[in-house]
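The values are calculated or read from the model by the stated rules, or taken from the named source; none is laboratory data. Please read all numbers here as calculations on a predicted model, not as lab measurements. Counting neighbours? That spans all protein chains shown, and the Cβs are built from the backbone with ideal geometry, glycine included.
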Amino acid sequence: MAGIDRARSLLDAARGVLADDPRAQGELDLCEHRMYQPVRVALAGSLKAGKSTLLNALVGQDIAPTDATECTRVVTWYRSGRSPSVTAHVDDGRAVPIPVTRVDGRLGFDFGHLTADRVDHLDVEWPSRALQSTTIVDTPGTASLSTELSDSTIRLLAPRADEHRGQSGVDAVVYLLRSLTATDTAMLRRIGTAIGGSSGPLGVIGVVSRADELGAGRMDAMISAQQIAGRFAGELERTGLCQAVVPVAGLLALAARTLREVEFRALAHLASTPGPELESALLTVDRFARPDILPHIPAALRRSLAERFGVFGIRLAVTLVRFGATSSTALAAELLERSGLPELSAIIDTQFAQRADELKSHSALVTLDHLLAACASTRAADLRVSVRRELADVHGFRELRVLTTIRGGGLDLPPDQIADLSRLIGGSGIDPATRLGLPAETDAPTVRSTAIEAARTWRSLADHPLIAPDVASACQVAVRSAEGIVARLDEPQEVAGTTGFSAGLHSPRG
């Protein structure tokens with residue numbers, strides 16, 4: 001029986017044990033509904049961390065307003081839908097349709113007479129391949145100037161024990177950092193406890209956001225961002241607060257995924273501009289948009305380029321054109337690769353989207369644990385033992401913990417064995433062929449024999465008398481992963497990556 005089926009079986013058992021508790025029955029209903037929905041991933045972080053811009057970049061469309069308006073002060077759920085629609089759920093229980101507007105090309109949600117403090121949350125439905133497998137929740141900044149706004153995010157991600165039994169409203173979190181403050185560390189610790197329960201902070205990825213700004217627009221900005229991400233990763237992974245930390249230039253990624261032909265032609269014109277003249281124009285954004293310089297490109301178009309690409313993005317795009325990006329498609333692909341978004345998308349797909357059932361099962365089990373702990377009956381205590389045993393036995397989370405250790409450089413193994421271990425435990429994808437380093441079309445008998453041999457190899461290494469305990473433990477995880485492939489070979493396998501964030505990243509418009 002798969003993990004999510006065992007979680008559903010325990011949930012059904014809890015209905016009988018908690019039959020006399022109407023509130024618990026209501027929470028069980030919500031819990032069951034949630035298990036049949038796409039995995040929920042929240043974007044969180046401090047004010048102006050770039051959450052909405054990153055959301056747009058991940059989806060590959062301009063669907064989230066980025067200006068500091070009423071709508072950015074509200075928790076907003078983005079789900080897949082047949083046509084664009086926005087609904088405000090108001091504090092008096094009403095669901096109010098919200099018009100979608102565009103002013104000067106910028107997306108907005110028109111609240112009319114509503115104010116943010118009256119809106120519990122927004123529901124946005126949008127036709128998007130990325131949203132078919134993942135619901136994204138955009139949250140107001142934590143530690144913002146408004147305590148109420150910060151509290152709304154905390155209530156969703158890390159509620160107190162008396163709020164929804166202390167269970168997070170999401171299955172995973174992408175936390176955006178511009179610097180590593182005590183507030184960020186405390187928030188990450190609280191989020192990790194709420195999502196992972198006693199298992200720790202499972203499903204938390206850190207992003208060094210607006211990475212292009214760390215170098216003040218210089219061409220080496222992403223190198224600086226990589227170094228900072230490495231420093232953050234060392235701290236956060238060492239303390240167990242994040243599974244991974246990656247730098248992303250969200251503005252550059254969004255511009256790459258939505259690059260227009262008129263923008264490419266303007267950037268090509270800039271590439272033919274003498275270096276000193278261009279550098280002088282790029283001293284500031286205001287200077288770059290002045291009407292008395294660079295007369296061959298309209299000032300309005302230059303201002304739009306500055307807003308969409310930033311100074312770093314313009315410099316990078318011009319350099320790429322000069323070195324051979326001769327079409328908008330080629331330039332978009334180069335910009336996207338350098339933005340850091342593909343790495344983040346791959347991590348989200350392999351650790352969140354492809355492990356959706358495990359994450360949702362874990363969320364359900366944590367909820368059941370809280371509900372049963374509040375019940376004094378012997379039946380509840382007995383069932384809670386089973387729930388906690390299942391929580392401790394979710395193999396997918398053991399895999400995630402080992403992947404976190406690998407990223408932090410914490411396993412003393414040769415590089416080739418590290419690569420094999422990472423792949424086998426799902427670091428590149430969770431379908432059997434990918435785990436074993438085989439072509440996707442490999443026949444089942446070959447997959448089976450390869451998995452059996454992998455289990456033997458890693459068991460032999462785990463049993464070596466001189467191996468360190470932490471390495472032996474990681475090898476045992478690999479053994480179980482290989483054995484799991486053999487056990488599941490007759491089950492239908494989903495094709496990885498067809499609807500996740502990585503889908504369409506080869507195309508500028510996704």
* For residue 129, indicate whether it is of a type in the set (Lys, Arg) and either buried (at least 22 other Cβ atoms within 10 Å of the Cβ) or modelled with pLDDT of 85 or more (or both). => yes
* the stretch 250-274 residues that are touching a residue at least 40 places away in the same chain (Cβ under 8 Å) and on the phi < 0 side of the Ramachandran plot, paired with ones that are crowded, with 18+ Cβ neighbours inside 10 Å and basic (Lys, Arg) (beta carbon under 7 Å, 6 or more apart) -> 250/210; 255/308
* Asked: Could we say that residue 260 is more than 33 Å from the chain's Cα centre (by Cα) and either basic (Lys, Arg) or modelled with pLDDT under 90 (or both) here?
  -> no
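Per-residue answers, yes or no, for (1) under 24 Å from the mean Cα position of the chain (by Cα); (2) closer than 26 Å to residue 179 by Cα; (3) of a type in the set (Lys, Arg):
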{"position": "11", "(1), (2), (3)": "no, no, no"}
{"position": "17", "(1), (2), (3)": "no, no, no"}
{"position": "39", "(1), (2), (3)": "yes, no, no"}
{"position": "42", "(1), (2), (3)": "yes, yes, no"}
{"position": "54", "(1), (2), (3)": "yes, yes, no"}
{"position": "75", "(1), (2), (3)": "yes, yes, no"}
* Structure fact -> If you go through 403, 421, the only one that is touching a Phe, Trp or Tyr at 6+ places or on another chain (Cβ under 9 Å), of a type in the set (A, V, I, L, M) and under 19 Å from residue 479 (Cα atoms) is 421
* To do: Quick one: in the stretch 287-334, of everything that is of a type in the set (Phe, Trp, Tyr) and over 20 Å from residue 249 (Cα atoms), which residue is surrounded by the fewest Cβ atoms within 10 Å (Cβ to Cβ)?
  => 323
* Asked: Quick one: would you say residue 402 is modelled with pLDDT under 90, surrounded by 20 or more Cβ atoms within 10 Å (Cβ to Cβ), within 26 Å of residue 245 (Cβ to Cβ) and in contact with an Asp or Glu (Cβ under 8 Å, 6 or more places away or on another chain)?
  -> no
* Number of positions in the stretch 122-134 that are out of contact with any helix residue (DSSP H, G or I) (no Cβ under 8 Å at 6 or more places or on another chain) and within 15 Å of residue 86 (Cβ to Cβ) -> 4
* Structure fact -> Heads up, the strands (runs of 3 or more DSSP E) in the stretch 22-95 (entirely inside) with at least 3 residues that are of a type in the set (A, V, I, L, M, F, W, C) and closer than 24 Å to residue 247 by Cβ are 39-45
* Structure fact -> When the stretch 64-93 is checked residue by residue, the ones that are under 19 Å from residue 133 (Cα atoms), among the β-branched types (Val, Ile, Thr) and surrounded by fewer than 21 Cβ atoms within 10 Å (Cβ to Cβ) are none
* Before we move on, is residue 299 of a type in the set (Gly, Ala, Ser) and without any contact (Cβ under 8 Å) to a residue 12 or more places away in the chain? -> yes
* Asked: Taking the stretch 258-305, which residues are in a helix (DSSP H, G or I) and small (Gly, Ala, Ser)?
  -> 266, 268, 271, 275, 280, 281, 299, 300, 304
* **Those helices (runs of 4 or more DSSP H) lying entirely in the stretch 378-479 with at least 1 residues more than 30 Å from residue 8 (Cα to Cα), free of Cβ contacts under 8 Å to residues at least 24 places away in the same chain and over 25 Å from the mean Cα position of the chain (by Cα)** => 415-424, 444-462
* Is it the case that some residue within the stretch 184-193 is part of a loop (DSSP other than H, G, I, E, B) and either modelled with pLDDT under 80 or surrounded by fewer than 18 Cβ atoms within 10 Å (Cβ to Cβ) (or both)? -> no
* Quick check, is residue 9 part of a helix (DSSP H, G or I) and free of Cβ contacts under 8 Å to residues at least 24 places away in the same chain? -> yes
* To do: Could you please let me know if residue 102 is part of a strand (DSSP E or B) and closer than 27 Å to residue 310 by Cα?
  => yes
* Structure fact -> Here the residues within the stretch 106-138 that are part of a loop (DSSP other than H, G, I, E, B) and in contact (Cβ under 8 Å) with a residue 40 or more places away in the chain are 111, 114, 115, 127, 128, 129, 133
* Asked: Name the residues in the stretch 101-126 that are within 24 Å of residue 59 (Cα to Cα) and surrounded by 16 or more Cβ atoms within 10 Å (Cβ to Cβ), would you?
  -> 107, 108, 109, 111, 121, 122, 123, 124, 125, 126
